[in-house]
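Below you'll find the structure, written out as structure tokens, and then a few comments.
The values are calculated or read from the model by the stated rules, or taken from the named source; none is laboratory data. What you are looking at is a predicted structure, and each value in this text was computed from that prediction instead of being measured. Here Cβ is always computed from backbone atoms with ideal geometry, including for glycine, and neighbour counts include all displayed protein chains. Side chains are part of the model used for accessible areas, which takes the heavy atoms of the whole protein and leaves out ligands, DNA and RNA. Shrake-Rupley method; radii C 1.70, N 1.55, O 1.52, S 1.80 Å.
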Amino acid sequence: MNRRQFLGWGCLGAAAPLAGGRAAASEASGAASDNARGVLVDTTECVGCRKCEWACNREHHLTDEPLESYEDTSVFEQARRMDTAAYTVVNRFDNARNPERPIFMKVQCMHCVKPACVSACLVGALRKQDAGAVTYEGWKCIGCRYCMVACPFEVPAYEYDNALTPLVRKCSLCFERTQREGESPACVAMCPPMALTFGRRSDLLALAREKIAAHPDRYIDHVYGEHEAGGTSWLYLAERSFATLGFPTIGDAPVQELAETIQHSVFKFGLPPLMVLGALGLFMKAFDEAGKDAVRKPAASGEESAV
Ligand code: SF4
Ligand code: SF4
Ligand code: SF4
């Protein structure tokens with residue numbers, strides 16, 4: 001049964017909780033596998049060329065524009081968020097210590113070690129792979145958008161403009177591409193100054209610690225993603241507080257409680273799922289519009305959230 005048939009038969013309410021909620025929740029638990037890979041972003045190396053954006057868009061058939069069109073730096077005048085047409089974006093932040101060299105932050109799905117989106121998904125459309133990626137199977141998705149509510153980084157985007165077969169969109173950590181021997185994600189392969197390093201998460205953490213120890217004047221003593229939200233596959237080094245670079249301040253505990261509350265509400269109280277979905281749809285639409293309004297404001301200071 002594909003998603004369109006599923007919706008068409010009008011059995012959304014009854015089938016969604018039964019289809020895989022418990023399986024989805026169990027897939028989200030468990031420690032990072034030894035095989036888990038990720039990316040270390042050294043933001044002190046990033047020059048804001050946006051070639052990673054182009055490489056991602058081309059890899060995922062989101063653009064047919066030439067690379068030169070990404071040399072337009074006027075996009076940095078507003079902080080941007082990921083959306084259905086861009087799984088990654090680079091934002092610019094003022095650098096008071098060195099005005100000639102602003103700070104650039106590439107953002108995308110963080111591929112959490114214990115992803116709340118996976119826990120929230122009632123039908124197992126999102127899955128944490130042993131290799132580290134959090135992948136999505138559109139044919140399973142019922143469009144409930146619980147994943148959007150659950151994600152602490154506000155990553156998943158929804159195709160509101162696609163009335164018949166809307167999908168959730170986000171970075172896949174180039175899962176299919178990286179299954180091939182020797183291949184790295186498209187954005188990593190493209191990055192000219194090699195600000196992005198693909199590898200085993202444990203190796204990346206060791207590399208990050210080495211860099212901090214070797215250059216304490218260059219980096220703050222914080223690897224973002226080592227512990228946040230239970231750990232993420234994308235890890236970041238920076239020269240100043242991540243809170244001033246648009247990254248949310250999140251505790252070390254996995255953000256699965258909200259996700260599990262959503263599921264438990266459906267299971268325990270037998271909430272009519274169509275009622276939940278309708279209310280959630282209105283909420284998410286308003287949330288999405290509010291988010292777009294927020295990022296339309298110019299990034300006049302380093303305090304603006306861009307994630
Ligand atoms: S950042 Fe959000 S969408 Fe990505 S894995 Fe984590 S919870 Fe899921
Ligand atoms: S890992 Fe792949 S999908 Fe994710 S931002 Fe990079 S190129 Fe895009
Ligand atoms: S390609 Fe590399 S240097 Fe250029 S914007 Fe992306 S991360 Fe920064």
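GluC sites (Glu not before Pro) within region 160-213: which are DSSP loop residues with at most 13 other Cβ atoms inside 10 Å? Sites meeting the loop and neighbour criteria: Glu181.
Once the piece of chain linking Thr165 and Ser241 is laid out straight, how much longer is it, given 0.36 nm per residue of separation minus the C-alpha distance between them?
23.3 nm
Rolling a 1.4 Å probe over the heavy atoms of the protein chains gives region 24-113 an accessible area of 45 Å² per residue. The solvent-accessible area of Tyr70, taken with every protein chain present and a 1.4 Å probe, is close to 20 Å².
Summary of the geometry: region 160-236 and region 31-63, compared by the centres of their Cα atoms, lie 6 Å apart. Measuring only protein heavy atoms, the 1.4 Å probe finds Thr165 accessible over about 40 Å².
In the assembled protein chains, Cys187 presents an accessible area of approximately 10 Å² (probe radius 1.4 Å).
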